[in-house]
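Chemist: I have a structure here, written as structure tokens, and I will follow up with some questions on it.
The values are calculated or read from the model by the stated rules, or taken from the named source; none is laboratory data. Everything numeric here is computed off the predicted structure, so don't read it as measured data. Methodologically, a virtual Cβ is constructed for each residue, glycine included, from the backbone with ideal geometry; neighbour enumeration extends over all protein chains shown.
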Amino acid sequence: MRNLRVVVVVLAIVGVCSVASASIFMEDFESYAAGSAMHGQGGWKGWDNTAGAGAPASSLYANSGSKSVEIIGTSDLVHEFDQAGGQCVFTAKQYIPSGNTGTTYFILLNTYKDGGPYDWSVQLACNMDTGVITSDNGGGATASIAYDKWIELKFAIDLANNTVGEYYNGALVSNHQWDDNVHGTLQAIDLYGNNASSVYYDDITVVPEPATLSLLCLGGLALIRRRRS
């Protein structure tokens, strides 16, 4: 009977953990043929559904697997979301080759619809001439570009309290208001080339919070292991 109770508790915890760890969105670009246009694939499209603003899948660099997306100079690549309220963590891996020129942008929008309206919450300007990344929505806070390596862009988004924390390569860059119009939504990512040299992105994820639930799961499983040993 004791063993049966342990099994039931384990299954319950595993079930909760599975829900807690489920991603809202995950993209590793592995399902696309290298060189193929991302516009019209996997929910990706050019800004305002314009094919010419798309971007190609690439096998030149990859954080995991063998492929990523290459944001070329003409790219203005969008993926829409339907996240309202609550908390989530948005992450993306970015690769900037040394010798690149121009300014490319990583953008998150609280409001997006083809043809408008649009409303920006995060806009990181990556100036590859000066080696500086600037948070345009975070009071002009800056970080130094790490070239020739995959780094993590991380955004701790609290739609309930209308805040976002921006992290570059593990370091906090800025904390600021998510939306001055308080829509309480996350509706799109926009990877904008701005006629700059190519930049690469991989392993883009949106994961719900609070993370404390995951810690509770791990703690519960560890406690069960100790009791059985």
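Chemist: Can you tell me which of (1) surrounded by fewer than 15 Cβ atoms within 10 Å (Cβ to Cβ); (2) more than 22 Å from Tyr112 (Cα to Cα); (3) at pLDDT 95 or above is the one Gln177 doesn't meet?
Modeler: (2)
Chemist: Go through (1) outside any strand (DSSP E or B); (2) small (Gly, Ala, Ser); (3) out of contact with any helix residue (DSSP H, G or I) (no Cβ under 8 Å at 6 or more places or on another chain); (4) at pLDDT 95 or above one by one and return the number of the condition Gly40 breaks.
Modeler: Only one criterion is unmet by Gly40, namely (3).
Chemist: Any idea which of Asp119, Asp148, Asp158 is under 24 Å from Gly73 (Cβ atoms) and acidic (Asp, Glu)? Before the answer, list the steps.
Modeler: Numbers: Asp119 fails: under 24 Å from Gly73 (Cβ atoms); Asp158 fails: under 24 Å from Gly73 (Cβ atoms).
After applying the criteria, what remains is Asp148.
Chemist: Residues in the stretch 207-220: is at least one modelled with pLDDT under 95 and under 30 Å from Val132 (Cβ atoms)? First the steps, then the outcome.
Modeler: Filtering the stretch 207-220 down to residues modelled with pLDDT under 95 leaves 208-220.
Filter once more, so that each one left must be under 30 Å from Val132 (Cβ atoms): 209.
Checked against the condition, which is being modelled with pLDDT under 95 and under 30 Å from Val132 (Cβ atoms), the stretch 207-220 yields at least one hit.
Chemist: While we're here: Take the residues in the stretch 32-58 that are of a type in the set (S, T, N, Q) and surrounded by 15 or more Cβ atoms within 10 Å (Cβ to Cβ); name whichever of them is farthest from Thr103 (Cα to Cα).
Modeler: If we filter the stretch 32-58 for residues that are of a type in the set (S, T, N, Q), which is where we start, we get 36, 41, 49-50, 58.
Those still in the list that are surrounded by 15 or more Cβ atoms within 10 Å (Cβ to Cβ) too: 41, 58.
On the way: Gln41: 26, Ser58: 20 Å.
Looking at the filtered set, the residue picked out is Gln41.
Chemist: Still on this model: What strands (runs of 3 or more DSSP E) completely inside the stretch 76-154 contain at least 3 residues that are surrounded by 21 or more Cβ atoms within 10 Å (Cβ to Cβ) and touching a residue at least 24 places away in the same chain (Cβ under 8 Å)? Steps first, please.
Modeler: Working: elements: 76-84, 87-95, 103-112, 118-127, 132-135, 141-144.
Here the list reads 76-84, 87-95, 103-112, 118-127.
Chemist: If I filter the stretch 121-133 for residues that are in contact with a helix residue (DSSP H, G or I) (Cβ under 6 Å, 6 or more places away or on another chain) and under 25 Å from Ile24 (Cβ atoms), do I get at least one hit? So that I can check it myself, show each step before the final result.
Modeler: Step one: filter the stretch 121-133 for residues in contact with a helix residue (DSSP H, G or I) (Cβ under 6 Å, 6 or more places away or on another chain), giving none.
Within the stretch 121-133, none of the residues are in contact with a helix residue (DSSP H, G or I) (Cβ under 6 Å, 6 or more places away or on another chain) and under 25 Å from Ile24 (Cβ atoms).
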